[in-house]
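Engineer: The structure's right below; bear with me while I get my questions together.
The values are calculated or read from the model by the stated rules, or taken from the named source; none is laboratory data. Everything numeric here is computed off the predicted structure, so don't read it as measured data. Glycine gets a Cβ as well: all are built from the backbone with ideal geometry, and neighbour counts include every protein chain shown. The accessibility values were calculated without ligands, DNA or RNA, using every heavy atom of the protein model including side chains. Shrake-Rupley method; radii C 1.70, N 1.55, O 1.52, S 1.80 Å.
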Amino acid sequence: MFNKKYKEDNRMVVPDANRVEELAKKACAKKTGSARGFGYKPALACMLAVAVVATTLILTLPKSGNTLPMTAANPAETVTVASAYDEVYTAVRGLQDVQNRYRTVDEAQAVAPEAVTSGSADAAKGETTAATADTNAGDFGYSDTNAQVEGVREADVAVTDGKYLYALSGSYNAGSSIRILEASGASTRVVSSIQLGDGGSNGSTAVNGSFYYGDNPQLYIVGDRLVLITQAYKNAAQPRTADGAATGDMYYVQPGESTTCIAVFDVSDRENPIYVNSLAQSGGLLSTRVIDNYLYTVSRHWVYDEAQRDQPQTYVPSTYVGEAQGHVLSASDLCLLPQPASAEYVVVTGLDITSPTGFVSNKAVLGSGDNLYCSQSAAYVAGGRWADGEDYGKAYTDIVKFSLAQGQVELCASGSVPGSVLNQFCMDEYQGNLRIVTTTEGVVAIAEAVVGEEISGQQSASAAAVQQGQSTTGLYVLDGQLNPLGAVENLAPGERVYSARFDGPTAYFVTFRQVDPLFSVDLSDAANPVVKSALKLPGFSEYLHLYSDGRLLGIGQDADENTGRTQGLKLTMFDTHNLADVTVAQTALLGEEFISTQVSYDHKAALVDGAKDIIGFPADSAYNSYYLVYGYSDATGFVQKAKLALTRADDSVYYAVRGWYIGNALYVYNGSTVAVYDMANSFAQLGSVDLTA
Amino acid sequence: MNQQTPQPLLRPEEVVYKYADMVYRLAYARVQSATAADDVMQDVFLRYLSHKGRFVDEEHLKAWLLRATINRSKSLLTCAWRRKVVPLTDTLTTQLQEKSEVYWAVMQLPPKARTVVHLYYYEDYPVREIARLLGHSESAVKSQLHRARALLREKLRDDCADL
């Protein structure tokens with residue numbers, strides 16, 4: 001049994017007893033009058049505070065603030081703009097106090113992986129000829145980062161503008177850096193670097209002292225500006241110690257307080273990047289988008305510390321510019337969801353990359369968010385919530401919509417649908433309406449509890465509960481104010497969504513248990529979505545890409561029809577000319593050799609371009625990793641054009657793999673190397689650059 | 001905050017004795033080297049000793065230590081992208097680790113997945129708490145777990161009945 005063995009194994013991992021003794025001696029020596037252990041708050045005062053705050057929460061929230069116009073059809077979801085800090089304090093304290101501190105055992109069922117996969121999203125939208133079928137190519141003969149929506153760019157660990165590659169790289173000796181490479185085929189080379197951290201045990205240091213190279217770093221190149229976004233721990237600007245003293249050491253920031261940091265560099269001279277400015281916002285990085293020259297950054301700020309009513313910075317998120325003190329968001333920039341799941345904010349900021357002296361605007365919503373979908377004019381943040389009342393344990397997704405215009409972020413509306421959202425691809429805006437695909441879990445927890453009791457007389461109740469235990473899939477259409485317009489529900493009982501893709505008035509999504517139905521839904525009448533077909537296949541697609549007119553590509557896993565056990569990598573090309581009868585045009589079963597691909601959970605690992613006949617993606621065999629390139633035609637199916645070995649010095653370390661084409665050259669990045677291949681000459685290798693040197 | 005009676009205070013050296021193993025094990029799972037894990041452990045406890053804030057209760061302290069371990073080992077991870085898994089002979093303890101293939105399979109996971117697996121299966125933290133520790137959403141943690149389980153199932157066909 002895994003659990004037992006892992007625990008046993010860990011018992012053998014012990015520190016050196018002498019080192020522990022040394023530390024304990026230091027601990028004794030350090031002890032002064034004041035206790036260094038943990039203390040307790042006066043218990044009685046605490047209990048009273050809970051009672052008062054909890055009641056207040058119920059009474060005031062729906063009545064205060066500026067209520068946005070919502071129809072009665074959506075009574076539960078009225079987001080309100082805060083009228084004053086006090087109202088926000090009340091809400092936050094209430095959430096902190098009722099948050100369940102007791103351990104709950106989480107069942108192993110989990111949710112489907114966040115198959116974060118995207119392709120360039122424009123392939124079909126009505127106009128398609130083979131030449132314009134895939135806009136990864138753009139107009140410039142190179143492939144851009146694989147983003148979901150045309151005109152809405154997404155960040156990545158390595159990016160290109162068709163002339164240069166900008167790649168994150170790190171090594172123990174050299175520290176972490178951004179490498180700028182001139183992408184010139186055989187003579188590709190590093191032209192400059194931006195150092196982000198020293199090597200060694202000192203860890204990462206700052207650029208300009210304002211932030212630390214941290215977790216989940218990602219880049220944009222926008223004209224002559226290079227933008228780095230990372231989740232890190234901001235120093236100095238947040239006085240968080242008990243006595244209020246500001247300290248320069250970032251580790252005195254209470255653990256759990258992440259900050260999302262943005263650094264902008266001017267790379268007009270690619271060989272001499274110049275630091276321009278850095279900004280930050282409270283919370284861990286959720287996602288970002290760039291529209292034109294505006295960066296929208298969404299973070300999640302969890303209020304870890306106990307809120308102090310007269311100190312808004314303890315319960316309201318802040319923004320930071322350079323090394324200046326943080327600026328707490330004003331109450332009018334704060335909104336409250338009617339039923340926030342926890343004391344957590346979603347913070348949305350807008351920044352002009354060409355003039356990053358400060359954020360253009362910022363907003364925060366008290367309520368959590370897990371996924372971000374952005375259209376060209378709106379951001380939709382979807383957060384999961386579990387109901388507490390009669391439908392206890394049932395999952396809902398709250399959606400908050402912000403309008404985006406030239407860096408201005410405004411709260412628009414909020415809405416709610418049953419179920420959980422898998423990833424950004426499960427949402428899509430079309431003609432002002434939001435379409436969203438969710439999986440509603442069956443109420444398994446309650447079913448098991450009732451069955452476990454086996455009390456006579458409750459048998460009928462338990463039988464009913466067990467029947468409710470099946471998950472189902474639903475597609476919901478909400479209007480511009482996130483009011484319900486139409487829906488199609490209770491699809492694919494017992495399964496959950498594995499991937500989705502929208503194409504104007506059509507939605508495709510894949511559910512799976514043992515067999516994968518690919519659903520095709522006609523949404524041309526927004527109020528009446530109609531399932532046109534449900535094509536069943538073994539295995540499942542985790543990433544769907546609109547390949548060309550009438551062709552939908554699926555990358556995923558093959559599986560045994562009876563047991564559901566996955567059997568390796570599979571490519572599927574669906575024929576979607578006739579929505580009422582979607583069929584499989586061709587399949588490639590690669591499981592003999594290739595087990596998995598990063599595309600399953602990272603859409604940016606896919607390079608798909610129907611016009612150039614390129615389907616590129618990393619794949620793992622049992623012992624090695626490769627970058628594969630396939631071509632496709634209806635006549636010959638999937639044809640392997642290249643199988644490029646990815647060199648890995650260290651098998652145990654994970655790295656993101658990316659591929660781009662620029663002209664006839666294919667560039668493959670694997671974290672430590674950029675290798676260049678000639679697509680016009682059977683992918684012969686032209687050269688390679690070591691990014692860690 | 002939910003306690004009705006005051007908890008006895010742990011003396012600093014008691015904190016060290018009680019939590020050294022926990023910190024070391026999580027650090028080791030992340031940085032995969034006894035030396036580096038030792039560095040992390042030192043760092044974490046030294047910072048704990050200079051910590052000026054008060055902890056609400058022992059849970060808070062424990063979470064602080066885990067979070068600090070994650071932070072501190074994170075900088076080692078990002079600077080040491082290519083750190084190799086240290087062979088069995090390089091340990092600071094005299095007890096030889098005869099770890100099963102389960103442990104090595106976990107060590108082959110990507111760093112975030114290893115962390116989540118360790119906190120879930122060794123520290124028995126529920127998803128909600130892991131999400132708080134890591135500053136991620138619960139669904140992000142769940143999908144990490146899901147992915148990790150899938151990867152582990154591939155490697156450990158026999159040992160994974162409960163994954």
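Engineer: So, in nm, how far is label A:Ala611 from label A:Ala645 when the simple model puts each one 7 Å beyond its Cα toward the Cβ?
Structural biologist: Output for this residue pair reads 3.5 nm.
Engineer: So who's got an amide H within less than 5 Å of the one on A:Lys394, skipping anything under 5 residues away but keeping other chains? H placed 1.01 Å off N, in plane.
Structural biologist: For A:Lys394, whose amide H was placed from the backbone, the distant partners under 5 Å are A:Ala387.
Engineer: Roughly speaking, to the nearest percent, how much of region A:280-367's 1.4 Å accessible area is carbon and sulfur?
Structural biologist: Details: 1080 of 2500 Å².
It is 43 percent, rounded to a whole number.
Engineer: Sticking with this structure for a sec: Out of residues 5 or more away from A:Leu482 or on other chains, whose amide H comes under 5 Å of its own, with H placed 1.01 Å from N in the peptide plane?
Structural biologist: none
Engineer: May I ask you to compute the full-extension gain from A:Met12 to A:Thr587, defined as 0.36 nm times their residue separation minus their alpha-carbon distance, rounded to one decimal in nm?
Structural biologist: The span from A:Met12 to A:Thr587 would gain 202.3 nm if fully extended.
Engineer: Next up: Out of every Cα-Cα pair in region A:579-693, what percent are more than 23 Å apart?
Structural biologist: Considering region A:579-693, 31 percent of its Cα-Cα pairs are separated by more than 23 Å.
Engineer: Which far-off residues, 5 or more places away or on another chain, put their amide H under 5 Å from the one on A:Ser342, with H placed in the peptide plane?
Structural biologist: Those lying under 5 Å, H to H, from A:Ser342 are A:Ser368.
Engineer: Quote to one decimal, in nm, the extra length available between A:Asp575 and A:Asn528 on full extension: 0.36 nm per residue of separation minus the C-alpha distance between them.
Structural biologist: 14.5 nm
Engineer: Across 5 Å bins from 0, what is the distribution of all Cα-Cα pair distances for region A:255-341, in whole percents?
Structural biologist: Taking every Cα pair in region A:255-341, the percentages come to 3, 11, 17, 23, 19, 11, 7, 4, 3, 1, 0.
Engineer: How large is the Kirkwood hydrodynamic radius of region A:296-356, counting all unique pairs of alpha carbons, in Å?
Structural biologist: Its Kirkwood hydrodynamic radius stands at 13.1 Å.
Engineer: How much of the accessible area of region A:547-693, in percent, comes from carbon and sulfur atoms when a 1.4 Å probe is used?
Structural biologist: Of all accessible area on region A:547-693, carbon and sulfur atoms account for 44 percent.
Engineer: Viscosity 0.692 mPa s, temperature 37 °C: give me the Stokes-Einstein translational D for region A:549-636 in µm²/s, with Rh taken as the Kirkwood radius over C-alpha pairs.
Structural biologist: 237 µm²/s
Engineer: To continue, here is another question. In Å² (nearest 100), what accessible area is buried between A and B, both sides summed, heavy protein atoms only, 1.4 Å probe? Before the final figure, lay out each step's value.
Structural biologist: On the way: alone 31110 and 10700 Å², together 31880 Å².
About 9900 Å² of accessible surface is lost on pairing.
Engineer: Dividing the convex hull volume of the alpha carbon atoms of region A:294-426 by its residue count, what do you get in Å³ per residue?
Structural biologist: 120 Å³
Engineer: If packing is taken as the average number of other Cβ atoms within 10 Å across a peptide's residues, how do A:625-637, A:593-605 rank, most packed first?
Structural biologist: A:593-605, A:625-637
Engineer: Beta carbons within 10 angstrom, averaged per residue: use that to sort the peptides B:111-120, A:472-481, highest first.
Structural biologist: Peptide ranking by packing, descending: B:111-120, A:472-481.
Engineer: Report the calculated FRET efficiency for A:Asp690 and A:Tyr623 (r = Cβ-Cβ distance, R0 = 22 Å), to the nearest 0.05. The partial results should precede the final answer.
Structural biologist: On the way: r = 23 Å, r/R0 = 1.04.
Once rounded, the FRET efficiency stands at 0.45.
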